[in-house]
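Here is the structure we will look at, set down as structure tokens.
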Amino acid sequence: MNADNVKSQMRKGYLEYCILLILKKRPAYVSDIIAELKAARLIVVEGTLYPLMTRLKNSGLLNYRWEESTQGPPRKYYEMTPEGEAFLAELDKAWAEISAVVSHLK
């Protein structure tokens with residue numbers, strides 16, 4: 001078994017949760033989200049993030065708005081919907097349960 005494959009699957013599993021945690025604080029542009037994920041040592045490229053953001057938006061968890069930029073074309077800023085906030089609350093509970101199981105088994 002390859003540990004890198006398992007780690008990759010684990011990262012994919014909690015990436016949505018991490019994105020919603022970022023957007024809970026404030027609306028953000030994709031580059032800002034990537035920078036915050038990198039600061040947390042979760043490396044994600046735009047090609048991975050854009051389809052995920054679209055899926056979260058299509059699921060009703062996110063909205064976006066366009067803002068003019070002084071450094072090029074308008075930017076799309078994502079923000080959580082009330083449905084996204086409720087979904088995040090469910091993920092918070094699930095994370096606490098998972099964390100408790102792992103901590104217990106260590």
Check: Rounded to a whole number, what % of the accessible area of the chain do carbon and sulfur atoms account for, probe 1.4 Å?
Finding: 55 percent
Next item on the list: Could you point to the label whose value was computed as Kirkwood radius over Cα pairs in Å for the structure here, given (1) 15.1; (2) 16.5; (3) 16.0?
Entry: (1)
Notebook entry, point to check: Build a GNM of the chain with springs between Cα atoms under 10 Å: which of THR54, THR81, THR70 gets the top mean-square fluctuation?
Noted result: THR70
Item checked: Spin-label zone in segment 1-31 - amide nitrogen under 16 Å from a point set 7 Å from the Cα of TYR50 along the C-beta vector -> 29-31
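For the chain, give the magnitude of the charge dipole about the Cα centre (Cβ charges: +1 Lys/Arg, -1 Asp/Glu; no others), in debye to the nearest 20.
For this selection, approximately 260 debye.
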Margin query: Within the chain, which whole H helices from DSSP have a Cα span along their axis of at least 27 Å and a mean Kyte-Doolittle hydropathy of -1.0 or more, if any?
Written below: 3-25, 82-105
Note to self: For a quick check of understanding: with a 1.4 angstrom probe and all protein chains in place, what accessible area in square angstrom does SER59 have, to the nearest ten?
What the structure shows: 80 Å²
Notebook entry, point to check: Ignoring ligands and nucleic acids, what accessible area does ILE22 show with a 1.4 Å probe (Å², nearest 10)?
Noted result: 10 Å²
Margin query: Let's test the formula: R0 of 35 Å, r as the Cβ-Cβ distance of GLU83 and SER8. What FRET efficiency results, to the nearest 0.05?
Written below: 0.80
Check: So what does MET10 come to for accessible area, using a 1.4 Å probe and Å² rounded to 10?
Finding: 110 Å²
Notebook entry, point to check: So what is the relative contact order for the chain, in percent, with contacts set as C-alpha pairs under 8 Å and at least six apart?
Noted result: 26 percent
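The values are calculated or read from the model by the stated rules, or taken from the named source; none is laboratory data. Being a predicted model, the structure only gives us computed values, none of them experimental. Methodologically, a virtual Cβ is constructed for each residue, glycine included, from the backbone with ideal geometry; neighbour enumeration extends over all protein chains shown. Calculation scope for accessible area: heavy atoms of the full protein, side chains included, ligands and nucleic acids excluded. Shrake-Rupley method; radii C 1.70, N 1.55, O 1.52, S 1.80 Å.
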